[in-house]
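As structure tokens, the structure follows; a few thoughts come after it.
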Amino acid sequence: MKILSFFFLTLMAITLLDAGARASAFSLGRIQTVSSDGSLDVIRNPAILASHRENNGVGFIVLAAPFHEHRYGYDAYRSSWLTSFRARDRRYTAGGIRLSYIKKISGGAIGFALDTDNAQGAEYYRYAKTYTSLNAADQNIFTMKGSNLTVSPRLVISLGKMVAGNHAVGAQLSLGYTQAGDRYLFSSLLNSTVDQRHHADKKTDGMNAEASLGYSYRDALSQAGIMVRSGRFLLKRTKIHYTHAEFTSSLFFAGSVSEPQHLKYDRGLSIVAGGYRKLTSFVAVALRIPGDVVLFLMLKINRRS
């Protein structure tokens with residue numbers, strides 16, 4: 001077991017609308033253990049839910065994402081050969097959306113949320129590469145195209161309860177699904193005639209689960225919290241379909257291969273702590289202390305399908 005810890009100190013001067021207001025957790029660098037984002041606290045420290053006063057609450061947040069396009073190429077001439085290379089790739093991230101619902105219960109609150117397991121949401125990447133060579137006798141064109149898409153929605157269930165005075169505890173369960181698809185196509189043309197063609201389609205999907213425990217202390221001027229995550233267990237499988245054709249030699253075949261379904265502990269134990277202190281009516285200080293306990297462990301539990 002190896003423990004990797006690092007500390008981030010975030011100091012923010014906050015202009016408040018009134019003396020009782022607090023900065024949102026989102027404005028404090030998406031701090032996880034203190035302050036509040038309303039019903040979106042379902043996906044943060046579950047102990048914070050105990051301080052909610054509304055009987056019911058619904059919330060959502062939409063995060064925008066960047067688009068990237070890259071084009072490049074070159075031309076070269078050597079002896080009797082003229083060669084050129086052209087490439088283009090596009091990357092999209094669909095952004096993220098978070099939906100949540102919270103309900104007040106005796107001594108605390110319970111909540112449900114839908115979001116993605118990564119901040120970027122769905123990710124899509126597409127590329128194309130073309131290589132051309134030409135001389136007095138032959139013209140060869142090689143084309144490679146591909147794309148991959150990754151989505152990872154999850155359901156989060158949180159419960160927070162007051163235990164004594166200003167102290168609260170909470171529990172959280174996260175259940176997720178991940179799917180990654182990767183497509184590849186290679187084709188070769190000789191003198192404007194298709195010579196070879198190869199296609200592969202890879203699909204990986206899996207179910208994952210993670211549990212968390214939280215603690216929170218809160219009074220009129222300050223707040224402190226800690227959250228311990230169990231790490232993520234992932235059950236996944238991979239399958240590849242492929243086709244191959246060589247037209248000049250009349251060689252054709254197709255098939256599929258798959259890996260056995262297996263269970264992995266792919267995300268280690270982590271501990272996140274934080275504090276919030278109101279200094280004046282207009283200034284507050286927030287502290288975030290995240291740490292990861294990295295376990296070099298692979299659960300070699302395979303189940304063949």
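Coordinate-derived values only; no laboratory data. Because the structure is predicted, anything quoted here is derived from the model rather than measured. Cβ placement follows ideal geometry from the backbone for every residue including glycine, while neighbour counts extend to all protein chains displayed.
In the structure shown, do any of LYS129/LYS264; LYS104/LYS264; LYS129/LYS202 have a Cα-Cα gap over 31 Å, and if so which?
On the way: LYS129/LYS264 35 Å; LYS104/LYS264 36 Å; LYS129/LYS202 20 Å.
Too far apart for the 31 Å limit: LYS129/LYS264; LYS104/LYS264.
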Percent of alpha-carbon pairs separated by more than 23 Å within the range 94-177: 55 percent
Place a +1 charge on the Cβ of each Lys and Arg in the range 98-153 and a -1 charge on the Cβ of each Asp and Glu, then give the dipole magnitude about the Cα centre in debye, rounded to the nearest 20. 280 debye
What nm distance separates the two modelled labels at TYR124 and ASP75, each placed 7 Å from Cα along Cα→Cβ? 3.3 nm
